[in-house]
1. For region 220-237, how many residues are closer than 20 Å to residue 167 by Cβ, modelled with pLDDT under 95 and surrounded by 21 or more Cβ atoms within 10 Å (Cβ to Cβ)?
2. Consider residue 344 carefully, then state whether it is under 27 Å from residue 42 (Cβ atoms), crowded, with 17+ Cβ neighbours inside 10 Å and either under 28 Å from the mean Cα position of the chain (by Cα) or modelled with pLDDT of 90 or more (or both).
3. Out of the helices (runs of 4 or more DSSP H) lying entirely within region 1-90, which hold 1 or more residues that are surrounded by 17 or more Cβ atoms within 10 Å (Cβ to Cβ) and at pLDDT 95 or above?
4. Determine if region 33-41 includes at least one residue that is within 23 Å of residue 212 (Cα to Cα) and without any contact (Cβ under 8 Å) to a residue 12 or more places away in the chain.
5. Please work out which one of (1) modelled with pLDDT of 85 or more; (2) surrounded by 19 or more Cβ atoms within 10 Å (Cβ to Cβ) is the condition residue 296 fails and give its number.
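The values are calculated or read from the model by the stated rules, or taken from the named source; none is laboratory data. Predicted model, so just to flag it, every value in this text is computed and none were measured. All Cβ positions, even for glycine, are placed from backbone atoms using ideal geometry, and neighbour counts span all protein chains on display.
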């Protein structure tokens with residue numbers, strides 16, 4: 001049974017707020033600059049980026065234009081507004097990254113009610129003492145329902161304070177907002193890509209886990225810090241925003257299921273090496289979902305399926321497994337050319353760096369997950 005305190009916390013987490021602020025860093029480069037977030041936020045240990053293809057646009061990481069269109073529809077119907085901030089530090093200017101223009105174009109193309117786009121370089125100037133031209137935009141920023149902040153700092157700079165300066169600037173802006181609005185906004189902080197660690201053979205990555213496994217903080221105002229182990233994906237971000245703003249996004253309701261034959265095969269042969277508590281038949285939802293209910297240490301975290309993709313591979317991630325299927329490559333056998341795809345299975349969370357392929361041990365699991373990706 002849940003206590004009164006946990007009930008109150010859940011009510012606080014799920015209540016509609018007047019504003020959601022999202023800070024998206026270009027790359028993972030955090031240190032002690034996020035200590036305060038750790039003390040005040042729900043931290044998602046298993047947050048994965050789902051579309052890592054080099055051809056993907058900036059909106060694709062969060063479900064693509066269809067996901068933004070759904071958010072735009074509910075925001076427009078409620079007469080809610082959005083502001084896009086392009087925030088830079090460590091000598092990087094707003095024009096140094098042309099891809100950041102794509103976010104503005106994608107949001108407007110999808111109908112997101114973007115009232116204004118603001119460029120600002122922080123570090124030398126506090127938000128409380130704005131530069132010329134910035135003060136005229138403060139009112140539109142602090143009154144918006146959705147404040148989307150694309151944050152970038154130069155990793156080659158001699159100063160390592162880029163993320164810290166950016167977060168300080170955001171907090172300054174939030175203080176300005178709090179002087180005008182009683183209810184604090186939800187603050188979400190994450191990034192577009194993780195570390196690209198150089199690992200030598202024989203421990204070379206099957207798939208670069210560190211590039212797609214990035215931090216996610218959600219500070220929802222309850223003043224309760226916790227770490228959540230539930231599996232979460234970048235496609236969950238917009239449904240989370242929508243629920244915090246008092247909406248529920250429509251979805252396709254696709255729920256992949258395995259064939260009954262696999263289930264009966266498992267039940268009939270208990271001596272199989274595949275028979276294991278980890279290899280039960282999978283009936284997992286692949287739909288994006290809101291993470292609001294997970295904020296504040298939920299009692300139960302159900303398993304689910306995250307579909308991941310990158311250059312030359314696609315993958316399925318569950319609580320216990322990561323299946324990676326590489327694109328077919330040409331092979332030559334008996335003088336005949338053929339195409340062969342590579343399939344690898346890794347146990348999670350034990351195999352942190354995707355080193356030990358167990359596809360030959362858990363054949364049924366590999367088959368089931370392969371079917372869910374088709």
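1. The qualifying residues number 1.
2. No; evaluated as a whole, the condition is false for this residue.
3. Counting at least 1 such residues, we get 64-77.
4. Yes: region 33-41 contains one or more residues that are within 23 Å of residue 212 (Cα to Cα) and without any contact (Cβ under 8 Å) to a residue 12 or more places away in the chain.
5. Single failed check for residue 296: (1).
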